[in-house]
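The values are calculated or read from the model by the stated rules, or taken from the named source; none is laboratory data. Keep in mind it's a predicted model, so treat the numbers as computed, not measured. A quick note on method: Cβ atoms are made from the backbone with ideal geometry, for glycine too, and the neighbour counts reach across all protein chains shown. Surface areas here come from the heavy atoms of the whole protein model, side chains and all, with no ligands, DNA or RNA. Shrake-Rupley method; radii C 1.70, N 1.55, O 1.52, S 1.80 Å.
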Amino acid sequence: MKIKSYLLLLASCLLPLTMVAQPALSFIESDCNFAAGNYALYPESDLPQLTPAPQGYTPFYISHYGRHGSRYLNDMKGFMEPYKTLHKADSLGKLSEIGKMALQEIRQYIADAEGRWGDLSEKGKEQQRQIARRMLQNFPEVFSDGAFVDARSTIVTRCALSMGSFVLQLVKERPTLEVSMHNSYSDMWYMNHQHKTLREAATDYRGQKVMKKFIMSRWHHDKKMSSFFNDTAYVRQHVDMQWLAYYLMKASFTQQNTGRSSEPNLLQQFFNSDDYYLFWQVENAWSYLQSGFCELNGAQQPYLQVYLLGKIISEADSIIAGNQHGASLRFGHETVLLPLVCLMGINGYDFQTGKLEELEENGWWASSIYPMAGNLQIIFYRKNAADKEPLIKVLLNEKEATLPLPSDLAPYYRWSDFREFYLRKVAEGESVLGTTKR
């Protein structure tokens, strides 16, 4: 395998407890877009009915972190790499009819995305509106007269527009809401915290070595990619077929998030469920190195989100003490949402191992956490305004989730238990990151 076929993993860095008895392949066979990872559409069609609150309890506050909605590819490279390979071969008469079809598709992808790199799409705006609408429907008491909405986003435009789409839907249906929106660098220390040492550790030598071995045992697309060309000698000398296969599969997932979502996805006809399953395995393992408690790089990556977790707790304390009701909404990125879920051990995502082969069987499926518009909601319940011992429930992508806490009311938990447990997590993480937050 050439070095590029490993470097493709580095590109993906920009970018449950699942039913582990059913392998990921079975989901991919039903719908190949399950393999799309952080390019997957938000799963609105299979949302279950929520468990009623214990008798006498009413929701009064929601603390939220959500990823931006569907977007265009971040930059041109994702399309230009396969385009340059196929275009050069075509200019030399080395493409087969299949290769020419793929080249034409890539040209259309580039034309559609030109000037929109990284932009929130109309589909992304609609995802946010629908999530806001369901939040209102599920928890109307939170947004009753006098309720506040404090909304904040990272400084990235697609996150600000996601916030705007969400909040506008709330205001449309509840015009009496007291709304504030913020888009400031001053919030970035907890909304999208960066830590040089931990980021470098995510791709240190040991992790890279194991990851490369993991890829080499799975990523074999020579035969399939050779059908795109009519000259095997040319392919051996000039084409990295693993790299080409990766980018074509990645590109095939982007269309559903863009203005071409209603058009036939011709790139997907070149691959089968087994191809996409291998793609899913590689992307999942890379996400674990980047965001999970992976023993290969120190098992510390989720601590990047301790400042966000601490902010969630302190803001909730303030709301409880002040007898307020409303919502704190935060809009950011999958690179925050995934490690936050791991840090909190939601649905068993604090799973720790140094063996990447163990991820799938233990339900560590990143694709179940960070689709476009993926979100975490913590819903607070109390008996009355004087109640200082509320209950909470956690929703991951609007589905009830489990926490590593004892509870005789699950999926409800006592806030005091939540607070005590996670303040210890924050203290652990701060000792790892050091005292400097900014």
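Within segment 101-118, residues that are among the basic types (Lys, Arg) reach partners that are assigned to a helix (DSSP H, G or I) with beta carbons closer than 8 Å, at six or more positions or on different chains, in the pairs Arg107/Tyr83.
Testing Ala327 on (1) open to solvent by 10 Å² or more (accessible area, probe 1.4 Å); (2) not in a helix (DSSP H, G or I), one condition comes back false. Which one is that? Checking Ala327 against (1) open to solvent by 10 Å² or more (accessible area, probe 1.4 Å); (2) not in a helix (DSSP H, G or I), the one that fails is (1).
Here is a yes/no grid of residues against (1) at pLDDT below 95; (2) of a type outside the set (Val, Ile, Thr); (3) touching a Leu at 6+ places or on another chain (Cβ under 7 Å); (4) closer than 24 Å to Phe143 by Cβ:
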{"site": "Met372", "(1), (2), (3), (4)": "no, yes, yes, no"}
{"site": "Lys393", "(1), (2), (3), (4)": "no, yes, no, yes"}
{"site": "Glu398", "(1), (2), (3), (4)": "no, yes, yes, yes"}
{"site": "Tyr412", "(1), (2), (3), (4)": "no, yes, yes, yes"}
{"site": "Phe418", "(1), (2), (3), (4)": "no, yes, yes, yes"}
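Taking the conditions (1) open to solvent by 40 Å² or more (accessible area, probe 1.4 Å); (2) on the phi > 0 side of the Ramachandran plot in turn, Gly37 satisfies each one other than (1).
Part of a helix (DSSP H, G or I) and more than 24 Å from Cys32 (Cβ to Cβ): does that describe Leu278? It is false that Leu278 is part of a helix (DSSP H, G or I) and more than 24 Å from Cys32 (Cβ to Cβ). Of all residues in segment 239-267, those that are open to solvent by 20 Å² or more (accessible area, probe 1.4 Å), within 22 Å of the chain's Cα centre (by Cα) and among the polar types (S, T, N, Q) total 2. Among the residues of segment 104-128, how many are crowded, with 16+ Cβ neighbours inside 10 Å, in a helix (DSSP H, G or I) and of a type in the set (D, E, K, R)? The number of residues fulfilling the criteria is 5. Would you say Leu25 is within 19 Å of Asp274 (Cα to Cα), surrounded by fewer than 21 Cβ atoms within 10 Å (Cβ to Cβ) and modelled with pLDDT of 90 or more? Yes: the conditions hold for Leu25. The set of residues from segment 190-207 being over 18 Å from Val432 (Cβ atoms) and either among the small types (Gly, Ala, Ser) or open to solvent by 60 Å² or more (accessible area, probe 1.4 Å) (or both) comprises Tyr205, Arg206.
Rundown of residues vs (1) in a loop (DSSP other than H, G, I, E, B); (2) crowded, with 17+ Cβ neighbours inside 10 Å; (3) at positive phi, yes/no style:
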residue: Phe331; (1), (2), (3): no, yes, no
residue: Val341; (1), (2), (3): no, yes, no
residue: Gly363; (1), (2), (3): yes, yes, yes
residue: Met372; (1), (2), (3): yes, yes, no
residue: Lys393; (1), (2), (3): no, yes, no
residue: Pro406; (1), (2), (3): yes, no, no
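Within segment 43-69, the only residue that satisfies the criterion of being in contact with a helix residue (DSSP H, G or I) (Cβ under 7 Å, 6 or more places away or on another chain) and of a type in the set (Asp, Glu) is Glu44. For segment 215-230, the tally of residues that are buried (at least 20 other Cβ atoms within 10 Å of the Cβ) and assigned to a helix (DSSP H, G or I) stands at 2. Filtered by the rule that a residue be assigned to a helix (DSSP H, G or I) and farther than 19 Å from Phe229 by Cα, segment 252-271 gives Ser252, Phe253, Thr254, Gln255, Gln256, Asn257. Looking only at segment 308-322, residues that are open to solvent by 10 Å² or more (accessible area, probe 1.4 Å) and under 27 Å from the mean Cα position of the chain (by Cα) come to 4 in all. All conditions but one from (1) over 28 Å from His325 (Cα atoms); (2) touching a strand residue (DSSP E or B) at 6+ places or on another chain (Cβ under 9 Å); (3) β-branched (Val, Ile, Thr) apply to Ile346; the one that does not is (1).
Within segment 44-96, take every residue that is of a type in the set (S, T, N, Q) and more than 30 Å from Asn384 (Cβ to Cβ) and give me the one that is most open to solvent (accessible area, probe 1.4 Å). Checking each candidate, the answer is Ser45.
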